[in-house]
1. Is at least one residue of the range 61-83 buried (at least 16 other Cβ atoms within 10 Å of the Cβ), closer than 24 Å to ALA171 by Cα, in the same structural domain as PHE238 (by TED's automatic domain parsing) and among the aromatic types (Phe, Trp, Tyr)?
2. Exactly one of (1) of a type in the set (A, V, I, L, M); (2) in a helix (DSSP H, G or I); (3) more than 28 Å from ALA149 (Cα to Cα); (4) in contact with a strand residue (DSSP E or B) (Cβ under 8 Å, 6 or more places away or on another chain) is unmet by LEU26. Its number?
3. Could you tell me whether the range 190-207 includes any residue that is touching a His at 6+ places or on another chain (Cβ under 8 Å) and assigned to a strand (DSSP E or B)?
4. Hey, among the residues in the range 43-60 that are over 17 Å from ARG33 (Cβ atoms) and crowded, with 20+ Cβ neighbours inside 10 Å, which one's nearest to the chain's Cα centre (by Cα)?
5. What tally of residues in the range 163-189 results from selecting those that are of a type outside the set (A, V, I, L, M), in a strand (DSSP E or B) and more than 16 Å from the chain's Cα centre (by Cα)?
6. Could you tell me which numbered condition VAL38 fails, if it satisfies all but one of (1) within 25 Å of PRO240 (Cβ to Cβ); (2) in contact with a Cys (Cβ under 7 Å, 6 or more places away or on another chain); (3) assigned to a loop (DSSP other than H, G, I, E, B)?
Amino acid sequence: MTFTRPCFVASTAPEAQEALAMFRRLYGDHALRTADVVVALGGDGVMLQSLHETVKRRLPIYGVNRGSVGFLMNEYRPEGLMERVNRAEAAEVHPLVMSARCFSGMTHQALAFNEVSLLRETRQAAKLRIRIDGKVRMAELICDGVLVATPAGSTAYNLSAHGPILPIDAALLALTPISAFRPRRWRGALLPRAAAVSIEVLEPEKRPVSAVADFTEAREVVEVNIVEDRAISMTMLFDPDRSLRERIIAEQFVD
């Protein structure tokens, strides 16, 4: 397929807005409903936002780095943009679905292309019980929180929490604790991507916990269920010399 109808989106950063005006002048601009590719200008945040905003149309997204963090973005070069887009390699990503039941009885659902994280809301550590496919694997985890990351999200918050980096095509999810206190030496687990993860909050009134799926937060949760939705497939586009597969491998050899 040859892409000819780009829809440009950008963060509010001055560098991104300047590039947006220039690219629109050079290559035109199409509404999302008529475009065949999205070009996202900014940092990783605008790529993540674009994935969420285009999930209904499933348009491929080519990111251009005009932000502070650009792991998921391509190098900024004004010339030959559409030629680069049409030579780009595709990386398919699938989101997690979070279903969070709150103390109030309400249930919130949201998608996460990076991770679903549970975080303590107060000075007291969270107490969590973890089930995998209905079986209790950890009766009590005392921690600041825990997260479930996709391969695409494994280099984001998950890596900062000392979780493993996953190859983009790995059939795995990373379950990573955040500042685990007991068991102190538990470093997390690698799970098959088909695993159903259920996290129960123990003592939710005394030790309230929030759950966040990328941009969507639910507060005072009592139980969070997380599964990967393979029916939703989104495409990110990368220059051949800097594919996402290569970046993830290279990230593991950074000084």
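1. yes
2. Here LEU26 meets the rest and fails (4).
3. Taking every residue of the range 190-207 in turn, none turns out to be touching a His at 6+ places or on another chain (Cβ under 8 Å) and assigned to a strand (DSSP E or B).
4. Checked the range 43-60; the qualifying residue nearest to the chain's Cα centre (by Cα) is LEU48.
5. Total satisfying the criteria: 2.
6. It fails just one condition, (3).
The values are calculated or read from the model by the stated rules, or taken from the named source; none is laboratory data. Owing to the predicted nature of the structure, the values given are computational and were not obtained by experimental measurement. As a convention, Cβ positions derive from the backbone with ideal geometry for all residues, glycine included, and neighbour counts pool all protein chains shown.
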